[in-house]
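Participant: This is the structure I have questions about; it appears just below.
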Amino acid sequence: MTRRIFRNILLTAVLALLLTSALLVGALYNVYEARISTELRTEADYIVRALDVTQDDLSYFSALKPTSRVTLIAPDGTVLYDSDADEDRMDSHAQRPEVQSALETGIGESTRYSDTLSDMTIYYARRTAAGNVLRIASTRSSVLGIFLDVAPQIIVMLLMVAALSLLIARYSSRQIVQPINDLNLDEPLANDVYDELAPLLSRMDKQYSQIRQQMRDLARAHADMNAIMENMREGLVLIDQDNRILSINGSAAAIFAADSALAEGSDLLTICREAAVLEIVKAAQKGESGDAVLPRDSRTYRIFASPVMREDKVRGVVLLALDISARYAAEASRREFTANVSHELKTPLTSISGYAEIIESGIAKQEDVPVFAGKIRAEAKRLVALVNDILELSRLDEKQGLGAKEFVPLLPMLNALADTFDPIAQEKGVALAVEGCNATVEGYPVLLRELFHNLIDNAIKYTPSGGKVTVQLAQEGGRVCCTVQDTGIGIPEKHQAHVFERFYRVDKSHSRQTGGGSPAGSTGLGLAIVKHVAEVHQAQVKLESKPQEGTAVSVVF
């Protein structure tokens, strides 16, 4: 803009100078020409009067010293006298326009230019009393000639004006542009500048307000999107068509053991080289969605690859990683549980089938039939208990048919259970005692009774004669803790993390001696039921045990 202003000012000054010079030369020339014409008329009038008085045309010219060229022409065009040339050698002037006009009207005037147009001759003719024509001519420079004569001076003036205009234009352009350069575009309305810029500044302020609002909205949306992506449990990775990572959230970075800041902008191979994942990415880049299973350490993930389409072209790929470890673990647990149930059901059914076959075949003696029938009855009882425990676990897993929660006083429930187990404890030679305060918890009475029933039953079963089982109830800081402690055989440390699993066996031989499939009780599901009932009541189960010293199981509500 500065250059344009500078150029316009300079061009205006030069054009003004040229135009002024041309007009001035033209005006002065008109004055100059009028003055010459007046002088020619005056001089012609003097000479004509003198000729009219003397009546001797030629003799008068011999003494005349004219300032202009004087020519006397006869009516037939013959030159009688010329002050600048030999009249005998001159052509006839009968066809000269000023001569013809003077012969006809008494006065004639004309102007003729030289071949170069730089000189101009003015002719003035008067008819004398003798009938001849007196013509006076004056040759002067034409307008072009005058202009050419003063051209050096004009060029010098142009250079001077150009230099002066250069300085003025530079200063003026800076003065004009400086307020515009100093505009505070962040606050358009705060500028005190040209009035002509007010509509533009108002429009800019309005647009800036809209842009700021849009930027705030975009920043908020971007922050929300980042917050959503970073708080997603699922891993999310955005990849362009060249396999460069555009974005990766924290979950995906943890899954692929990558640094989010370093991963962005790098190739997908820097964080994952699994052939199955690379294959579905390659398929997604061709427009086909796919998925693959990715095992990582102790977790298992399913990776979904989907193409990002725009204008019917694949512009990138979205990878979504879902943690399916729980589902895989549940599937493995289901298979293990099915196998264990099948095994546990097979044992009593085999015994029942065997004893029944002996009785049916008549091999058994009559006195042995009651014994075999008792065996069948005991195995059937064990089978019913196993089925009931399995149904109970299923009900706890699905949390169905639990009834309504109640406020349950635990001390009366524990005393009642102690009265129930007291004959069994005395028969085995184990002391059973209940101690503690009267605490109340909110829960399902039937499930709570079953939880403590299994713990007390387990403690008595694995405590040898002369041992002791203590049920301690305590309340502190809003928490209720019930601990069932025995002085029994204890559980080795390597088995302590697994005793709450279904059908887990610590010592198979000892389990058979106690009449059960595991240390958890007669069915091997007692402690598993304890764990599930505690989870239903949002309680924690803690186990402390040392071999040959005893075991303490605490349930903290």
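Participant: Just for the range 252-265: of the residues that are touching a residue at least 12 places away in the same chain (Cβ under 8 Å) and surrounded by fewer than 19 Cβ atoms within 10 Å (Cβ to Cβ), which one is farthest from the chain's Cα centre (by Cα)?
Facilitator: The selected residue is ALA257.
Participant: OK, next. Every residue in the range 534-557 that is touching a Phe, Trp or Tyr at 6+ places or on another chain (Cβ under 8 Å), within 15 Å of VAL484 (Cβ to Cβ) and not in a strand (DSSP E or B), please.
Facilitator: Within the range 534-557, just ALA539 meets the criteria.
Participant: Mind checking which helices (runs of 4 or more DSSP H) fall wholly inside the range 424-515 and carry at least 1 residues that are within 57 Å of the chain's Cα centre (by Cα) and modelled with pLDDT of 85 or more? Give the derivation first.
Facilitator: Working: elements: 445-461, 493-496, 508-514.
Per the criteria, 445-461.
Participant: Next question. Of the residues that make up the range 266-276, is at least one under 25 Å from the mean Cα position of the chain (by Cα) and acidic (Asp, Glu)?
Facilitator: yes
Participant: Considering ALA439, ALA418, which residue is more than 18 Å from VAL556 (Cα to Cα) and touching a helix residue (DSSP H, G or I) at 6+ places or on another chain (Cβ under 8 Å)? First the steps, then the outcome.
Facilitator: Numbers: ALA439 fails: more than 18 Å from VAL556 (Cα to Cα).
One residue alone meets the criteria, ALA418.
Participant: Considering only residues that are without any contact (Cβ under 8 Å) to a residue 40 or more places away in the chain and either surrounded by 15 or more Cβ atoms within 10 Å (Cβ to Cβ) or acidic (Asp, Glu) (or both), which ones fall in the range 197-242? Can you show your working first?
Facilitator: Initial filter on the range 197-242 (without any contact (Cβ under 8 Å) to a residue 40 or more places away in the chain): 197-232, 242.
Listed by number, the residues that qualify are LEU197, LEU201, MET204, ASP205, TYR208, ASP217, ASP224, MET229, GLU230, MET232, ASP242.
Participant: What is the number of the single condition among (1) surrounded by fewer than 14 Cβ atoms within 10 Å (Cβ to Cβ); (2) part of a helix (DSSP H, G or I) that THR67 does not meet?
Facilitator: Looking at each condition in turn, THR67 falls short on (2).
The values are calculated or read from the model by the stated rules, or taken from the named source; none is laboratory data. From a predicted model like this one, the values you see are computed outputs, not experimental measurements. Don't worry about glycine lacking a Cβ; one is built from the backbone with ideal geometry, like all the others, and counts go over all protein chains shown.
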